[in-house]
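Before any comments, here is the structure.
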Amino acid sequence: MTRRQYLSVVIAAPLAAVPPVRLSRLDGPAQDFDPAAFKVTVLVFLSTICPISDAYQDRLRALMEATQGQPVRWLLAVANDNESPAEIAAYASDTKLPILIDRYGMMADRFGAVMTPEAIVLDARGAVRYKGAIDDARNPARVRNRPLRGAIEALVAGREVPVKSLRAFGCAIKRKDSSK
């Protein structure tokens with residue numbers, strides 16, 4: 001097979017289907033969110049009891065507002081096993097954020113999220129293009145780098161994401177003790 005024949009087969013081959021992001025609404029069963037439906041999907045893991053997550057409410061809301069009308073889907077999820085659906089519902093009501101539940105931490109496991117808050121940015125093919133912190137400081141006055149914003153803006157504009165990751169900081173995502 002010549003190089004040209006090989007490339008025509010590889011390029012024409014369909015991409016493997018990427019599994020959807022599966023999260024639960026507070027008032028219902030699990031729902032699939034297909035990354036292909038938007039140019040950018042932003043999945044942010046939060047906590048109802050983490051003070052660092054709380055410190056990011058206004059910044060997340062501002063980022064969500066800044067991307068309104070753009071092909072960006074926001075999925076804010078709680079994956080902690082030690083937070084009840086009632087606590088999550090109260091948190092969503094208090095913060096006015098569209099919170100979802102990552103039952104059993106399946107999406108956190110799938111994307112390797114370990115902290116709250118932690119952001120995962122997916123492109124329309126479902127590929128992770130950014131993973132990590134929202135920005136580089138808990139105190140908004142000390143923020144110097146905004147890699148989540150940069151990743152979103154780059155993907156919407158069709159450019160390469162400038163920063164692929166920045167170590168997330170906050171509270172650990174609590175998992176069920178599998179040794180019991």
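The values are calculated or read from the model by the stated rules, or taken from the named source; none is laboratory data. What you are looking at is a predicted structure, and each value in this text was computed from that prediction instead of being measured. Cβ atoms come from the backbone with ideal geometry, glycine included; neighbour counts cover every protein chain shown.
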Has the range 152-161 got any residue that is closer than 20 Å to Gln31 by Cβ, under 13 Å from the mean Cα position of the chain (by Cα) and surrounded by 13 or more Cβ atoms within 10 Å (Cβ to Cβ)?
no
Can you spot a residue in the range 108-116 that is touching a helix residue (DSSP H, G or I) at 6+ places or on another chain (Cβ under 7 Å), among the acidic types (Asp, Glu) and surrounded by fewer than 19 Cβ atoms within 10 Å (Cβ to Cβ)?
no
Scan the range 53-77 and report the pairs whose first residue is free of Cβ contacts under 8 Å to residues at least 60 places away in the same chain and whose second residue is crowded, with 18+ Cβ neighbours inside 10 Å and hydroxyl-bearing (Ser, Thr, Tyr), with Cβ atoms within less than 7 Å and a gap of 6+ or a chain change.
Gln57/Thr95; Arg73/Thr41; Leu75/Thr41
Only listed residue being aliphatic (A, V, I, L, M) and within 14 Å of the chain's Cα centre (by Cα), chosen from Val143, Val72
Val72
Would you point out which residue out of Gly158, Gly105 is within 19 Å of Ala77 (Cβ to Cβ), in contact with a Lys or Arg (Cβ under 9 Å, 6 or more places away or on another chain) and not hydrophobic (A, V, I, L, M, F, W, C)?
Gly105
Selection from the range 51-79 of residues that are touching a Ser or Thr at 6+ places or on another chain (Cβ under 6 Å) and either at pLDDT below 95 or assigned to a helix (DSSP H, G or I) (or both):
Ser53, Gln57
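Just to be sure, is Ser8 surrounded by 11 or more Cβ atoms within 10 Å (Cβ to Cβ), out of contact with any strand residue (DSSP E or B) (no Cβ under 7 Å at 6 or more places or on another chain) and either at pLDDT 95 or above or among the polar types (S, T, N, Q) (or both)?
Yes, satisfied.
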Looking at the range 54-86 only, could you name the residues that are of a type in the set (Gly, Ala, Ser) and out of contact with any helix residue (DSSP H, G or I) (no Cβ under 9 Å at 6 or more places or on another chain)?
Ala62, Gly69, Ser84, Ala86
